[in-house]
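The values are calculated or read from the model by the stated rules, or taken from the named source; none is laboratory data. Everything numeric in this text was worked out from a predicted model, so none of it was measured. When we count neighbours, we look across all protein chains shown, and the Cβ atoms used for this are built from the backbone with ideal geometry, even at glycine.
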Amino acid sequence: MDFKDYYSTLGVAKTATSKELKQAYRKLARKHHPDVNLGDKSAESRFKEINEAYEVLGDPAKRKKYDELGANWRMYEQAGAPGQGGFDPSQAGGGGWNVNFGGGSPGGTRTMTEDEMREMFGDANPFSDFFKTFFGGGMNADEPRGRARGARGARAARAGRDVEQEIELGLEDAYHGTMRRFSIRHDGDSRTVDVRIPAGVSDGSRVRVSGEGEEGSGGAQSGDLYLRIRLAPHPRFERKGRDLHARVPIPLTTAVLGGETEVQTLGGKSLRLKIPPTTQNGQVFRLKGHGMPAAGKPAEHGDLYATVDVQLPRQLTPEQRKHFEALQKLEAGTKSPAA
């Protein structure tokens, strides 16, 4: 049996703290997990080594024993073999192997039966001879089955909970869709995740980011992250469902005589809106297909409703005043004489 350098296996120094050991273990376990590397025997073997190393170093008592023995483990084995007094390896590990899957804390590990280990790793030995010599590895045959099942049930795998986070989005980003980058932290570890926000999302809608919620324990899957959309107010457009509403200012003369005005859409297009003569203030015009896109159906759009806002003059030149006075006389002349 060869000496196993568990610190080297996890890529940490012998002075590593419990937190550093946990971080190193989780990073390597995620990378080499059999579910992520289907059919890769080398990854499966590496995963076993990582679990074995953390099983020892993650337990303060076992780590102390390991640090004290070091490379002299063989002499200790010969001096304390079972039946000769001293250390009995069958008593060191208790009833089974404690394997931490999915990044749970040492307190969240669970005892695995030999049948479970075969199902996970096949007929190969899950742990090295070195591990079994010093820390046990066999299921205690004298342990009552009911008690063993009870212990397993108390430490059953638990799926991670879903997490919800509110984000503010501008109306233009909701119209076009956008990419947002988030920094996500799990027990001291942080990483960036790029999330695509689809076009057409509405206020209060949620975007699901699979597997980025609370981490599961005992090998169970992590929860999901839900981004709840809150749309920021827009200075020109108001959204109502898939339709957009905007006020369009026009001069008094255009409202009276008719003409055209320019309307800017949220999508960036410039449209020419025809204004008929004697258009009233507050009159609404419908511009079909220039509203918000439908979520998941970017080719389908709502409508844009343009409400006319007739602009009255704030100042008059002498010439303008002359014409308005003439208009006033014309209006007075068209009135019916009093009865």
Item to check | Filtered residue count, region 197-255, keeping only those that are among the small types (Gly, Ala, Ser) and under 30 Å from PRO277 (Cβ atoms) | outcome: 2
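One line per residue, one yes/no per condition, for (1) surrounded by fewer than 16 Cβ atoms within 10 Å (Cβ to Cβ); (2) charged (D, E, K, R):
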{"residue": "ARG181", "(1), (2)": "yes, yes"}
{"residue": "VAL195", "(1), (2)": "no, no"}
{"residue": "GLY204", "(1), (2)": "yes, no"}
{"residue": "ALA220", "(1), (2)": "no, no"}
{"residue": "LEU231", "(1), (2)": "no, no"}
Checklist entry - Taking only pairs six or more apart or across chains, which ones have beta-carbon atoms under 6 Å, a first residue in region 249-261 that is under 12 Å from VAL308 (Cβ atoms), and a second residue that is among the hydrophobic types (A, V, I, L, M, F, W, C) and part of a loop (DSSP other than H, G, I, E, B)? => result LEU252/LEU312
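For (1) modelled with pLDDT of 85 or more; (2) within 25 Å of SER222 (Cα to Cα); (3) in contact with a helix residue (DSSP H, G or I) (Cβ under 8 Å, 6 or more places away or on another chain), each residue gets a yes or a no:
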| residue | (1), (2), (3) |
| --- | --- |
| ARG26 | yes, yes, no |
| ASN37 | no, yes, yes |
| ASN51 | yes, yes, yes |
| LYS65 | no, no, yes |
| GLN78 | no, no, no |
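Please find, among ALA53, ALA43, ALA61, the residue that is among the small types (Gly, Ala, Ser), within 28 Å of SER190 (Cβ to Cβ), out of contact with any strand residue (DSSP E or B) (no Cβ under 6 Å at 6 or more places or on another chain) and surrounded by fewer than 20 Cβ atoms within 10 Å (Cβ to Cβ). First the steps, then the outcome.
Details: ALA53 fails: surrounded by fewer than 20 Cβ atoms within 10 Å (Cβ to Cβ); ALA61 fails: within 28 Å of SER190 (Cβ to Cβ).
Criteria check complete, one pass: ALA43.
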Checklist entry - Can you tell me which residue in region 284-337 is surrounded by the fewest Cβ atoms within 10 Å (Cβ to Cβ), limited to those that are of a type in the set (A, V, I, L, M, F, W, C) and under 33 Å from the mean Cα position of the chain (by Cα)? => result ALA299
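Take ARG181 and decide whether it is farther than 30 Å from VAL284 by Cβ, in contact with a Ser or Thr (Cβ under 7 Å, 6 or more places away or on another chain) and touching a residue at least 12 places away in the same chain (Cβ under 8 Å).
Working: farther than 30 Å from VAL284 by Cβ: yes; in contact with a Ser or Thr (Cβ under 7 Å, 6 or more places away or on another chain): yes; touching a residue at least 12 places away in the same chain (Cβ under 8 Å): yes.
Yes: the conditions hold for ARG181.
Residue by residue through region 191-228, note down the ones that are touching a residue at least 60 places away in the same chain (Cβ under 8 Å) and closer than 30 Å to GLY302 by Cβ.
Of region 191-228, the ones touching a residue at least 60 places away in the same chain (Cβ under 8 Å) are 198-202, 205, 215-228.
Result: PRO198, ALA199, GLY200, VAL201, SER202, SER205, ASP224, LEU225, TYR226, LEU227, ARG228.
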Item to check | Hey, THR279 surrounded by fewer than 16 Cβ atoms within 10 Å (Cβ to Cβ) and either closer than 23 Å to GLY258 by Cα or free of Cβ contacts under 8 Å to residues at least 60 places away in the same chain (or both) or not | outcome: no
Item to check | Residue check for ALA232: within 30 Å of ARG181 (Cβ to Cβ) and of a type in the set (Gly, Ala, Ser) | outcome: yes
Item to check | Lone qualifier among LEU266, LEU287, LEU273, LEU227 - being at pLDDT below 95 and outside the structural domain of THR178 (by TED's automatic domain parsing) | outcome: LEU266
